[in-house]
Amino acid sequence: MNDEYARQWMLKAKSDLKIAEDELKTENPATDAVCFHCQQVVEKAFKAFLSFHGIAFEKVHDLEYLRNLCLQKDASFSTLDTGDLSSYAVTIRYPDDIYFPPVDEASDALKIARLINAFVAEKINLNLS
């Protein structure tokens, strides 16, 4: 187990969550950025869980890959649905396939990010202060 490395991942996830929450509260939110940061929350939370348990992972943004690794340690990860979050990791950031999600889609992404972040935080129970 590497509590400190896991703690650092969760602190980064907390930061991404704050950015997504704060941006979504603005009058005309940058929904692409909100969705990107929601994806990052989940990615970092999964990586925190894996780090906490000493499970090696590739440097990827694929949430299903990471969730499946988490499943090897804890079957309750099967209850988590990452929705379309993986698609916000890379493609939404480049102008080739420009897409600005509607606010309701960004709100849904934020709900998923909050839920999974809280789920992982409870699993590894680290002090983030």
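Details
- Glu105 passes every criterion in (1) charged (D, E, K, R); (2) free of Cβ contacts under 8 Å to residues at least 24 places away in the same chain; (3) in a helix (DSSP H, G or I) apart from (2).
- Verdict on Ser51 being touching a residue at least 40 places away in the same chain (Cβ under 8 Å), of a type in the set (Ser, Thr, Tyr), assigned to a helix (DSSP H, G or I) and over 18 Å from Asp3 (Cα atoms): no
- Residue pairs whose Cβ atoms lie under 6 Å apart, sitting 6 or more positions apart in sequence or on different chains, and linking a residue in the range 24-39 that is assigned to a helix (DSSP H, G or I) and surrounded by fewer than 18 Cβ atoms within 10 Å (Cβ to Cβ) to a partner that is aromatic (Phe, Trp, Tyr) and modelled with pLDDT under 95, are Asp32/Phe100.
- Subset of the range 37-91 [of a type in the set (Gly, Ala, Ser), under 12 Å from Trp9 (Cβ atoms) and more than 11 Å from the chain's Cα centre (by Cα)]: Ser51
- Pick from the range 40-86, criterion closer than 22 Å to Pro101 by Cβ and basic (Lys, Arg), ranking: surrounded by the most Cβ atoms within 10 Å (Cβ to Cβ): Lys44
- Here is the figure for the range 120-129: residues that are under 20 Å from Leu85 (Cβ atoms) and either free of Cβ contacts under 8 Å to residues at least 12 places away in the same chain or surrounded by fewer than 17 Cβ atoms within 10 Å (Cβ to Cβ) (or both) total 1.
- Of all residues assigned to the range 54-69, none qualifies as being polar (S, T, N, Q) and in contact (Cβ under 8 Å) with a residue 24 or more places away in the chain.
- Of the residues contained in the range 104-124, none is found to be more than 17 Å from the chain's Cα centre (by Cα) and of a type in the set (A, V, I, L, M, F, W, C).
The values are calculated or read from the model by the stated rules, or taken from the named source; none is laboratory data. Fair warning: this is a prediction, and the values are worked out from it, not measured in the lab. With ideal geometry, Cβ positions are generated from the backbone for all residues, glycine too; neighbour counts draw on all protein chains shown.
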